[in-house]
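Just below is one structure, and these are the notes that go with it.
Values in this text are rule-based calculations from the coordinates and carry no lab data. Everything quoted here is computed from the prediction, not taken from an experiment. All Cβ positions, even for glycine, are placed from backbone atoms using ideal geometry, and neighbour counts span all protein chains on display.
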Amino acid sequence: MSETYIVTAEKMVSGGDCLSHINGKNVFIPYAIPGETLEIEVTKSFRDYDTARIVRIVTPSPHRVDALCPLYGTCGGCNMQHIDAVYQRELRASILRECFEREGIPCPPIATISGSDTGYRARIQLTNGGFNKKESNEVVPLERCPIATSEINAYLSRTPQNERPKNRVHLFADERMTAAEKIIVAEEREKLAKEIKVQGGASSKRKEKLRLQKNRHFAGTTLNEHNRCEVSILGKTIAFDVQGFFQSNLGVLEQTISELTKNLGGKTVLDMYAGSGTFSVFLADLFERVVLVEHNRDALVFAEENLRGKQHESFGLSGEKWVQYSAQNTIAQYGGFDAVVIDPPRSGMEKEVCKWLCRTHVPQIRSVSCNPSTHARDAAFLVRAGYKLTKLFLLDFYPHTAHIESLAFFEYTDEA
């Protein structure tokens, strides 16, 4: 039998594990809660740290609860269902704060934007009809998911495992969808591309399912109409590709949009990493013109549709390429930006984008992020360039998981 140790879980770290120490060495423990006394067994040992499993909970946390789902710990999804929902949010906020403080940034009180802890997730991914097992490609059968919307669970309930699509598919289902059918089972693009290649071009039937649009700053793109989704967000219809990126917690998205756009307005706003134009649709009501930058041209086709009739200009470029080749001309044409809304990928802002913001001194920056570490890193550059972090929000898009998203407000103070 392997040796076990009695330890205290000291704090939760990014990813949801708790940090402890054995003979001075860091050890990370899944499914622990800060303050608990645990008997643990080391499962993997590395030069700088170990990972461990809980053998026995000696002194449980008062925040420990029974999991909502019988698949918890087997399914590769949730990893915080053993913690009460209120304390989960406190832990995610503390991780977010620590990331910013580690960068030396004076951190205002963190506000939390949250919604329901269950039935919130409008998008799930199935593999051969089920979920992937934790740290494995093995498929876990399921009949329902407590964090998924009622529309997704209705599909899972009425569709036996063996009748669900094979391979990997995306399901998007929510009451806010404008179509009569409140669920889309998305076809894989790879499968569609193969069909078209075999046919030597799209059939007349297939052509009805595809669209080709153009913009003077980027070429058109071919999309699968089966994967096209429309949702009603705060009274506006927004279209997107289910296989592309779109937030899966629409309730928290609506609250985030309301907060992000509060007290903004002026002549020109930049929406950097604009996606399908979700923020731009609302910014267009507050500014005379919206400039969108997004490298994913499939997403920009939808942004063009979503912003039809609004003064806007879209660039199908990476942020870096836009800064290098288009930023100066855009400012010369429209004047300086009154505000920037930026929602970069998990890796954070591209270096050239961050440098450009630091030297351009746009008065207002509203920054959304799905990675607290890179958010704090980028914020540190802005603060050193004269920006002040005035507000910081935990965006609680994914209860029962360790995933952290955040919204930061920056104002240029000219005090660098």
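Taking amide H atoms as placed 1.01 Å from N in the peptide plane, the amide H of residue 21 lies under 5 Å from those of 8, 27, each 5 or more residues away in sequence or on another chain. The slack in the chain from residue 37 to residue 352, taken as 0.36 nm per residue of separation less the alpha-carbon distance, amounts to 108.7 nm. With R₀ set to 30 Å, the beta-carbon distance separating residue 125 from residue 26 gives a calculated FRET efficiency near 0.40.
Order these peptides, 131-137, 397-403, 408-414, by their mean beta-carbon neighbour count within 10 angstrom, highest first.
397-403, 408-414, 131-137
Quick check on segment 37-77: take the gyration tensor over C-alpha atoms, sort the square-rooted eigenvalues as a ≥ b ≥ c, and tell me if it's rounded (a/c under 1.5), prolate or oblate. Note, shape of segment 37-77 comes out oblate.
Taking Lys and Arg as +1 and Asp and Glu as -1, the other residues whose beta-carbon sits under 12 Å from that of residue 84 total -1. For segment 242-394, the Kirkwood hydrodynamic radius from C-alpha pairs, put into Stokes-Einstein at 4 °C and a viscosity of 1.567 mPa s, yields a diffusion coefficient of 83 µm² per second. What fraction of the DSSP beta bridges in the chain is antiparallel, stated in percent and rounded to the nearest 5? So the antiparallel bridges amount to about 70 percent of the total. Ranked by the mean number of other Cβ atoms within 10 Å per residue, highest first, peptides 322-335, 381-394 order as 381-394, 322-335.
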